[in-house]
Amino acid sequence: MRRSLCATLAIGCALGAAAAALAWALGQTAFLRTVELKTYDYRVRLAADPASARRDLVLVSIDDSSIRRLEPQVGRWPWPRLVHASLIDYLRRAPAKAIVYDVLFTERDRRTFQAGGDTWTGEESDLALATSASRAGNVVFAADVTADEVALEDVRGLSALRGSRFFEADPAFESRPGVILPYAELTEAAAAVGHSLTIYDADGPVRRTAPFVRVGTVGVPSIAVAAVMVAGPVARESIRRNGDTLEVGRAAAPLVAARIPSFYGPAADARRLLIRFTGPVLKDGRPTYADYSFYDLFYSEQQLLAEQAPAVDPAVFRDKIVVVGTTAAGLRDLFTVPFAEGSMPGMQVHANVIDNLLSGRFMRPLGRAGNLGVLLACALAVGIAGALTAVGPTLAAAALMIAGLAWASYLLIGQGVWIGVAEPVLGATFAAFGGTAYHYFAEGREKRRVKKLFSRFVSRDVYEQLLADPAGARIGGARREMSVLFADIRGFTALTERGQPEAVVAQLNEYFSAMVDVVFRHRGTIDKFVGDMVMALFGAPVPDADHADNAVKAALGMLAALGGLNAKWAAEGRPALDIGIGVNSGDMLAGNIGSDTIMSYTVIGDAVNLGARLESLNKEYGTRLIVSDATRTRLKGRYDLRPLGSVTVKGKSEEVAIFAVLPPS
């Protein structure tokens, strides 16, 4: 007897409610929260509209070019404050509406230096910057609130924070143990001072900012809020928190709750502001915000002082909000943001916040109640479809629901509303599987026939290993110190295109046989062949205290063996081959890695990736064998090493010292 429609609907609702509850529970985990953040980043990238960026916001970059070109005149970074004073004087000519300096000037300059044929002391240089800032009357400087070791009782300049320009502490904002202001004369000359604290989400990117922090009884605005106070202008009395909204003049910025862990006590709640990014640093080759090199403006000021036509007319900056900051790679002011086009300098992060506050364009989360409603609607709709229809229509309904949710969430992000998608998608998926299971167990029992649909096919060696030691064949392994070698044939693609396939394969097999013999003679293990590339291990699976020496000896042996092969091939009228080899040493994870049915003994880890990168650098340096500093320091024998300098290898954030190893003469 068929169940009534009401009973079926009740089952569908129960399936949907159960799926929603499970999805909500999983949504509280760190993993699913990270998934939600990544989907948020993707939607932000899709909806970004650089054309909406304010045209009165301009960036001035202290870039690698500026540092390099100014070094002969004023020395290496950090520059004397006199240099920054020149930029402020130049922008005052426009005049700019506000100058926002995202550079810390918390320490006095103790140096003596030459500039324009005159000798300057650091004290004179500091005074010059303060004087220029005072004359401009619209300069915002950054304060440091990141130093945890600064005690509240000994915070330099805290008394200045209690002046009429600053705010009373609001318990809704996060507390910092101290603040370091610019040196006294500069603090006095500044139109405003704001903190430059960068807020990272748990998964790494910068998506939020702290509009205020508390230092004792004082509220310190962010550098962006301080900039809006000057550029608006917005009176201090017009900036206040009203519940979960920060009112900045006529703008009402929605605040989001954050749980902030602490090493010194229980976690605390605080209110932060989601940044609504207008676009990446560059979009289709065009900057989101107009960007000028510091040197070009500095040089233009010198031209104006010499009564020459400037390279850049100061009028370009008339009534502009100019944000000055560092973009040079070595100054470490680049941050991961939702955009995949690369890191964003800190000054552009601040520029986005300034843009949000002045334009009244913010990102607002839908909220717990709203997101829970979306989750229930998706799960219940698919659950009811699963109870009423067959498996195919149920899966189609789930797919349509997920597609519709994705489209709606994209449109809403463009309107500044962040609707959660991870939990609703999971809820709809669980409901679809629930409906499928309902049909499988409750409706289709008489139609099912049990049969085996697959079997496992493995090599005899792997099968015998499984029988002899199943535990040793499981996925995973052990971390150990070892060396890895990568050898790749140069110009192999061209060779394959010119030669006959049979001849190419025969020559390649002969090459591999010789290389394998060399690796085995030096206690190495062949990990794999990838096309014409050989990957070898030293120190695994059997430990080897001399793994670095054996790896380098094997590499040199491979080069020597290839020389013999080339001589033989030349006599036979066959083309010669050349190879590049990279060797790296360090901690790697070695073991049987793969699936439950197919696995292989291999190694993984950053040290392995670096070895592969070193091999590819041979093309750039015109070498045949490159080793890392990690390998060099582990060598016990004597080798002809030639330093190549330090490079930032693709995929690594820090510089790596590399060395060419020359064959013995």
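Is it the case, given these coordinates, that Met401 is crowded, with 23+ Cβ neighbours inside 10 Å and touching an Asp or Glu at 6+ places or on another chain (Cβ under 8 Å)?
The answer is no for Met401.
In the set (1) surrounded by fewer than 20 Cβ atoms within 10 Å (Cβ to Cβ); (2) in contact with a strand residue (DSSP E or B) (Cβ under 7 Å, 6 or more places away or on another chain); (3) over 30 Å from Gly499 (Cβ atoms), the condition left unmet by Gly539 is number (1). Tell me yes or no: at least one residue of segment 168-190 is assigned to a loop (DSSP other than H, G, I, E, B), out of contact with any strand residue (DSSP E or B) (no Cβ under 7 Å at 6 or more places or on another chain) and farther than 21 Å from Val323 by Cα. Checking segment 168-190: at least one residue is assigned to a loop (DSSP other than H, G, I, E, B), out of contact with any strand residue (DSSP E or B) (no Cβ under 7 Å at 6 or more places or on another chain) and farther than 21 Å from Val323 by Cα.
Do we find that Ala224 is more than 21 Å from Val145 (Cα to Cα) and buried (at least 20 other Cβ atoms within 10 Å of the Cβ) in this structure? No.
Go over the candidates Leu372, Leu380 one by one and state the one that is closer than 29 Å to Pro254 by Cβ and either within 30 Å of the chain's Cα centre (by Cα) or modelled with pLDDT of 90 or more (or both).
On the way: Leu380 fails: either within 30 Å of the chain's Cα centre (by Cα) or modelled with pLDDT of 90 or more (or both).
Going through Leu372, Leu380 in turn, just one is closer than 29 Å to Pro254 by Cβ and either within 30 Å of the chain's Cα centre (by Cα) or modelled with pLDDT of 90 or more (or both): Leu372.
Here the condition is being closer than 17 Å to Thr525 by Cβ and open to solvent by less than 50 Å² (accessible area, probe 1.4 Å); of Gly594, Gly564, it holds for Gly594 alone.
Being within 37 Å of the chain's Cα centre (by Cα), at pLDDT 85 or above and open to solvent by 40 Å² or more (accessible area, probe 1.4 Å) narrows it down to one residue among Arg479, Arg474; which is it? Give the derivation first.
Details: Arg474 fails: at pLDDT 85 or above.
After applying the criteria, what remains is Arg479.
Just need a number here: residues in segment 113-169 that are at pLDDT below 65, closer than 30 Å to Gly75 by Cα and more than 34 Å from the chain's Cα centre (by Cα). Number satisfying all stated conditions: 1. For Phe294, the test of being over 18 Å from Val353 (Cα atoms) and either over 23 Å from the mean Cα position of the chain (by Cα) or in contact (Cβ under 8 Å) with a residue 12 or more places away in the chain (or both) is passed. Here Phe512 fulfils each of the conditions (1) over 31 Å from the mean Cα position of the chain (by Cα); (2) in a strand (DSSP E or B) apart from (2).
Between Val256, Val213, which is touching a residue at least 60 places away in the same chain (Cβ under 8 Å) and touching a His at 6+ places or on another chain (Cβ under 8 Å)? Unique residue meeting the criteria: Val213.
Just to be sure before I move on: is Thr278 closer than 24 Å to Val322 by Cβ and in contact with an Asp or Glu (Cβ under 8 Å, 6 or more places away or on another chain) in the structure I sent? Working first, answer last.
Details: closer than 24 Å to Val322 by Cβ: yes; in contact with an Asp or Glu (Cβ under 8 Å, 6 or more places away or on another chain): yes.
Yes, satisfied.
Among the numbered conditions (1) in contact (Cβ under 8 Å) with a residue 40 or more places away in the chain; (2) not in a loop (DSSP other than H, G, I, E, B), tell me where Ala403 comes up short. It fails just one condition, (1). Against the criterion of being surrounded by 20 or more Cβ atoms within 10 Å (Cβ to Cβ) and closer than 30 Å to Ile413 by Cβ, Pro182 does not qualify.
List pairs: first residue in segment 515-536 and under 15 Å from Ser585 (Cβ atoms) and touching a residue at least 24 places away in the same chain (Cβ under 8 Å), second residue charged (D, E, K, R) and assigned to a strand (DSSP E or B) anywhere in the structure, Cβ distance under 8 angstrom, at least six positions apart or on different chains. As it stands, the answer is Met535/Asp527; Met535/Lys528; Ala536/Asp527, since those pairs meet every condition given. If you go through segment 92-118 and keep only what is surrounded by 20 or more Cβ atoms within 10 Å (Cβ to Cβ) and more than 27 Å from Asp313 (Cβ to Cβ), you end up with Phe105, Asp109.
Taking first residues from segment 552-581 that are free of Cβ contacts under 8 Å to residues at least 60 places away in the same chain and partners that are open to solvent by less than 10 Å² (accessible area, probe 1.4 Å) and assigned to a strand (DSSP E or B), the Cβ contacts under 9 Å between residues at least 6 apart in sequence or on separate chains come to Leu562/Ile579.
Contact map, segment 645-665: first residue within 23 Å of Leu559 (Cα to Cα), second residue in a loop (DSSP other than H, G, I, E, B) and modelled with pLDDT under 80, Cβ cut-off under 9 Å, separation 6 or more or different chains; pairs are Ile658/Val649. Just one of the listed residues (Ala369, Ala379, Ala340) is part of a helix (DSSP H, G or I) and open to solvent by 10 Å² or more (accessible area, probe 1.4 Å), namely Ala369.
State whether one or more residues within segment 546-559 are among the aliphatic types (A, V, I, L, M), open to solvent by less than 50 Å² (accessible area, probe 1.4 Å) and not in a helix (DSSP H, G or I). There is no residue in segment 546-559 that is among the aliphatic types (A, V, I, L, M), open to solvent by less than 50 Å² (accessible area, probe 1.4 Å) and not in a helix (DSSP H, G or I). For segment 348-366, filtering for residues that are part of a helix (DSSP H, G or I), open to solvent by less than 40 Å² (accessible area, probe 1.4 Å) and in contact with a helix residue (DSSP H, G or I) (Cβ under 9 Å, 6 or more places away or on another chain) leaves 9. So Ala251 ticks every box in (1) touching a residue at least 24 places away in the same chain (Cβ under 8 Å); (2) under 30 Å from Pro171 (Cα atoms); (3) surrounded by fewer than 17 Cβ atoms within 10 Å (Cβ to Cβ) but one. Which box is left unticked? Exception for Ala251: condition (3).
For segment 273-288, does any single residue satisfy the condition of being more than 24 Å from the chain's Cα centre (by Cα) and surrounded by 15 or more Cβ atoms within 10 Å (Cβ to Cβ)? Write out each step before concluding.
Of the residues in segment 273-288, the ones more than 24 Å from the chain's Cα centre (by Cα) are none.
Within segment 273-288, not a single residue is more than 24 Å from the chain's Cα centre (by Cα) and surrounded by 15 or more Cβ atoms within 10 Å (Cβ to Cβ).
Using the structure shown, decide if Thr121 is of a type in the set (S, T, N, Q), surrounded by fewer than 23 Cβ atoms within 10 Å (Cβ to Cβ) and in contact (Cβ under 8 Å) with a residue 60 or more places away in the chain. No; evaluated as a whole, the condition is false for this residue. If you check Ser585 against the conditions, is it surrounded by fewer than 19 Cβ atoms within 10 Å (Cβ to Cβ), in contact (Cβ under 8 Å) with a residue 24 or more places away in the chain, within 19 Å of Asp527 (Cα to Cα) and not acidic (Asp, Glu)? No.
The values are calculated or read from the model by the stated rules, or taken from the named source; none is laboratory data. Given the structure is predicted, the values throughout are model-derived calculations rather than measurements. Heads up, the Cβs are rebuilt from the backbone with ideal geometry, glycines too, and the neighbour counts pull from every protein chain shown. Heads up: the accessible areas ignore ligands, DNA and RNA and are worked out on the full protein's heavy atoms, side chains in. Shrake-Rupley method; radii C 1.70, N 1.55, O 1.52, S 1.80 Å.
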